[in-house]
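The values are calculated or read from the model by the stated rules, or taken from the named source; none is laboratory data. Keep in mind the model is a prediction, meaning the values are calculated, not measured. Using ideal geometry, Cβ is built from the backbone for each residue, glycine included, and neighbour counts are taken over all protein chains shown.
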Amino acid sequence: MFKAVLFDLDGTLLDTAGDMGAAANHVITGLGLKALSDEVLACTTSDGSYALLKAGIPPEVIEQHGLEALRERMLGFYRQNLCHHTQPYAGVPELVGWLHQHSIPWGVVTNKPQALTEPLLAGLPLFERCGITVSADTLPWKKPHPAPLLHAAERLGVAAGHCVYVGDHRRDIEAGLAAGMHTLAAGWGYISAGEDPQHWQAGGVMDSVEALNHWLQGAFDTPC
């Protein structure tokens with residue numbers, strides 16, 4: 001019997017590609033290079049800042065400027081522009097509302113650093129009743145290590161085996177399985193090029209938030 005739901009953030013609950021992409025492109029175009037396309041952003045954002053920079057900057061230019069310095073430049077811009085384009089995916093407010101209506105605990109486990117996660121979520125009323133947020137640096141480990149998920153379950157007071165974890169990256173599913181949770185792949189998210197969620201060994205692949213909502217309503221056996 002399931003008792004709680006945990007979610008990845010970028011590419012699962014929130015479409016952050018616009019703001020993450022703007023930050024990456026701020027650095028990339030500042031070097032005189034061509035900005036990343038929306039198509040590249042859609043399949044790279046879940047891999048994080050390093051991947052976005054590497055997608056648009058040749059290795060020799062990265063070596064010249066230093067990857068960490070470029071990343072700090074990107075994150076500095078992103079901190080100042082966290083929520084210009086970011087918004088919940090269609091259906092997410094209704095899903096969260098359903099969880100609240102039925103008093104089902106839920107939380108977020110993300111590989112986004114806490115310094116970015118907390119101000120982002122603080123600016124979105126959707127997360128006012130989020131039960132737990134675990135960021136990349138909350139613990140010494142981050143996904144695909146299971147520790148962040150186990151920590152979230154403990155904080156919610158729910159055994160890991162009674163949790164569902166939803167994410168749009170292979171590492172989300174690996175972490176969820178290692179934690180003993182039921183896993184669902186968010187097929188609407190930032191699926192990396194060449195990846196097929198059907199091969200991640202998730203408990204299911206949801207093609208939309210609406211499909212996930214329907215699955216959860218059946219799994220938790222509550223009235224719609």
* Structure fact -> Cys43: passes all of (1) touching a Phe, Trp or Tyr at 6+ places or on another chain (Cβ under 7 Å); (2) at pLDDT 95 or above but (2)
* Where in the range 114-224 are the helices (runs of 4 or more DSSP H), entirely inside, with at least 3 residues that are at positive phi and touching a Phe, Trp or Tyr at 6+ places or on another chain (Cβ under 6 Å)? -> none
* To do: Test Asp19 against the stated conditions and say whether it is touching a residue at least 24 places away in the same chain (Cβ under 8 Å) and under 20 Å from Gly76 (Cα atoms).
  => yes
* To do: Would you point out the residue of the range 69-113, among those that are assigned to a loop (DSSP other than H, G, I, E, B) and of a type in the set (A, V, I, L, M), that is surrounded by the most Cβ atoms within 10 Å (Cβ to Cβ)?
  => Leu82
* Find the residue count for the range 103-125, including only residues that are in contact (Cβ under 8 Å) with a residue 24 or more places away in the chain and under 20 Å from Phe220 (Cβ atoms). => 6
* To do: Collect the residues in the range 191-224 that are over 18 Å from Ala4 (Cβ atoms) and in contact with a strand residue (DSSP E or B) (Cβ under 7 Å, 6 or more places away or on another chain), keeping them in residue-number order.
  => Pro197, Gln198, Trp200, Val205
* **Exclusive hit being surrounded by 15 or more Cβ atoms within 10 Å (Cβ to Cβ) and among the small types (Gly, Ala, Ser), set Gly123, Gly131** => Gly131
* Structure fact -> When restricted to His162, His182, the only residue closer than 21 Å to Asn213 by Cβ, at pLDDT 95 or above and surrounded by fewer than 17 Cβ atoms within 10 Å (Cβ to Cβ) is His162
